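Heads up: the structure comes next, in C-alpha cells.
The values are calculated or read from the model by the stated rules, or taken from the named source; none is laboratory data. Just so it is clear, the model here is predicted, and its values are computed rather than measured. In this analysis, Cβ positions are derived from the backbone assuming ideal geometry, glycine residues included, and neighbour counts consider all displayed protein chains. Ligands, DNA and RNA are excluded from the accessible area calculation, which covers all protein heavy atoms including side chains. Shrake-Rupley method; radii C 1.70, N 1.55, O 1.52, S 1.80 Å.
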Amino acid sequence: MKILVIQLARLGDIYMTWPALRALRRTHPNAEIHFLTRPRFEGAVEGLTAIDCHKSLPVSTILAPLVQEDADIDTSLERLNGVIEDLRAENYDHIINFTFSPVSSYLTHAISHLHTTVTGYSRYNDGTLCLSDEVSSYFYAQVGIGKANRVHLSDVFASMLDLQYTEEDWAAPQLGNTAISLPDCYMAVHVGASEKHKSLTPQAWGRALNYFAKRYQGLPVVLIGAPNEIALANEIQNAAPDAHFVNLVGQTKISELFSVIQEAEILVGCDSAPIHMASLTDTPTFNLSIGNVNFWETGPKATLGFIYRIEDEATLVPERLGEILAMLLEGQVAPELINRKGGLVSYERPDTVLERFQWDLVQALYLGGAYPMAERMEIIQGAIQLQDINAFAMEQIALVPEKGLQIIGPLLDRAEEVIQNISQMVPELSPLISWYQAEKVRIGPGTLEEICTAALNVHDRWARHLEAYIPHEALMQEEEGVDGTL
C-alpha cells in the first residue's frame, strides 16, 4: 500500500501531525508512506522516521510567474500541472489530507485515482467541496476560532484514521548531540509566535522576565527563536537587566531546538512550533495564549502543560506573568492557569454557561451524549423557529421537481439566511446549525431528484435533533398540521 499524508500548514501543525504519522506507521508497518509539506517548513520533518519519502509542494516556484511585472498565468499553470502529474504518477492507494483548506482539497482531488481512498477534504468532479468522512464533516462544522470544539487537533488526526495513540507515538526524535552550550539548569523562552499578533511586545516580555529574575533568582533564561526574531530578542534583553540570558535566537536549526527544549526546566512560549515540540519531549510547558487562538485545539500536550489565557496584551500585567512563572517553578499553580488533563478534552478550565451548553450539544450530536438542558427561553424559541423554517424548507424542496429551482431556489436561500441569523441571535444553538450546514455540504453531485432526496434526508435528521428543544405542545401542533412561516 502506498499512502500520501498532506500537511501544508505551518511548523506547529507539522509537529502535531508526527504522532499520527507514527501511529499510521505502527498500524501499517509494510506501507510506503509519503509526506507532503511546503518547502518553507521542511525543517520540521527532520528526525521523522515514520515516513519513507518526504515531498515538497513548491508553492513559491508555482506562483513566481504571477507576481512579476507581467503576470504569466500560462507558465504558472504549467508548473502546477507538472507537480500534479508527478504526484498523480505515484498512484497512491490512500491520500490523507490533514490540512483542511480549499487549496489542499483541490490538490487532493487532482492527484487521486478512482481506486484511491481519500480521508480529509477533497473535491467532487464538479468542483464542490467533498467532506469524504465523518471527522472531516466534524472539522468543517465545529473546529476553528469561535467554534465549540474542545478536541485537540492531534486527536482529531487520530480520529480521522481511527487510531489510538501509544506513548511511543509521542517520543522525541533521536537527532544526536548538538554543539550548543547550555547551562546546567535553565528556563527556555520562545520570543516569537506563529503570527505576530499572537506574541508579546519585547517590552512586555522584558518586564515579565525581569520580575521573574528578581523573584526566582539564579535561573538563566535561554531565548530561542528564528533569525527574523533576533531584534526582538535583543530588545527583550535590554528590557530585563536583572535577568541572566543565554541568547540562541537565530543560531539554531529548528531540529536542534529539541535538545534545548528537552533539557529545560520549563518551556515558555506563545502559539508556536516549540510548544508542540515540547509535547514530543514531554517538557513542562507554559503556553501564553493570546487573542485569536483556540487553545483547546492547539495547546501543549506535555504531561505538565499550563495555559495562561489573555484576550490581548492590553489586559496583561507583565509582572503578574513573571510572578506566575516563578510560582510554577516553586510548585504552585496560580488560579489563572488552565491545566492539562487526560481524556477527550485536554485541558481543565471553568466554563461559562454558554460554553458548557455548546460543548455538551456537540457531544450530543457526534458522540451520543445527552442533550443539554435549555436554561434560557430564547433557546426554546430559537429551536421552534428553526423547526418552522425546516418544515418550510422541506415543503419547498419537495416542490423542486415540479416547479424548478428557478422558482424554489430564492425561497430556500431566504430560509438559509434566517437560519444563519438565528445562529447569531441564539449562540447556544450554533453547533446544531453548523452540523446542519456541514451535512448540506456533504450532499454530492447527482440528478435533481437524487439531490432533493438527499437534502430532505438532512432536513429530516435535523428535525429529530431540534425536537430535543421543542415543547411537547408545539410538536403536537405540528403533527396536527399547523405550519410555520418565515
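The table that follows gives values for the structure above.
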quantity	calculated
Rough spin-label spacing in nm, given labels placed 7 Å along Cα→Cβ, for E330 and H115	6.6
Number of Lys pairs (Cα under 26 Å; 8 or more positions apart or on different chains) in the chain	15
Computed helical MRE - 222 nm, the chain, DSSP H runs ≥ 4 contributing -39500 (n - 2.57), nearest 500	-14500 deg cm²/dmol
Separation of alpha-carbon centers, the stretch 212-263 and the stretch 428-447, rounded to whole Å	47
The stretch 245-356, accessible surface, carbon-and-sulfur percent (1.4 angstrom probe)	50
Contour minus Cα-Cα distance for A171 and H197 (0.36 nm per residue)	6.3 nm
In sequence order, calculated HN-Hα J values of the stretch 107-116 (Karplus, 6.51, -1.76, 1.60; Hz; x Gly/Pro)	4, 4, 5, 5, 9, 8, 10, 4, 8, 6
Fully extended contour minus Cα-Cα distance, from L304 to T49, at 0.36 nm per residue	89.2 nm
Whole-number accessible area per residue in Å² for the chain, which is evaluated in the context of all protein chains at 1.4 Å	46
Approximate spin-label separation A398-A64, in nm, with each point projected 7 Å along Cα-to-Cβ	6.1
Gap separating the Cα centres of the stretch 142-189 and the stretch 317-349, nearest whole Å	19
Listed values [x] 21.4, 71; [y] 23.2, 80; [z] 25.5, 81, entry calculated as Rg and Dmax of the Cα atoms in Å	[z]
Shape of the stretch 90-245, Cα gyration tensor, a/c cut at 1.5	prolate
Calculated from backbone phi, Karplus (6.51, -1.76, 1.60) coupling profile of the stretch 207-220 in Hz, x at Gly/Pro	4, 5, 6, 5, 5, 4, 4, 6, 7, 10, 6, x, 8, x
Stretchable slack from L367 to C185, in nm (0.36 nm times residue separation minus alpha-carbon distance)	61.0 nm
Surface accessible to a 1.4 Å probe, L344 within the full protein complex, Å²	80
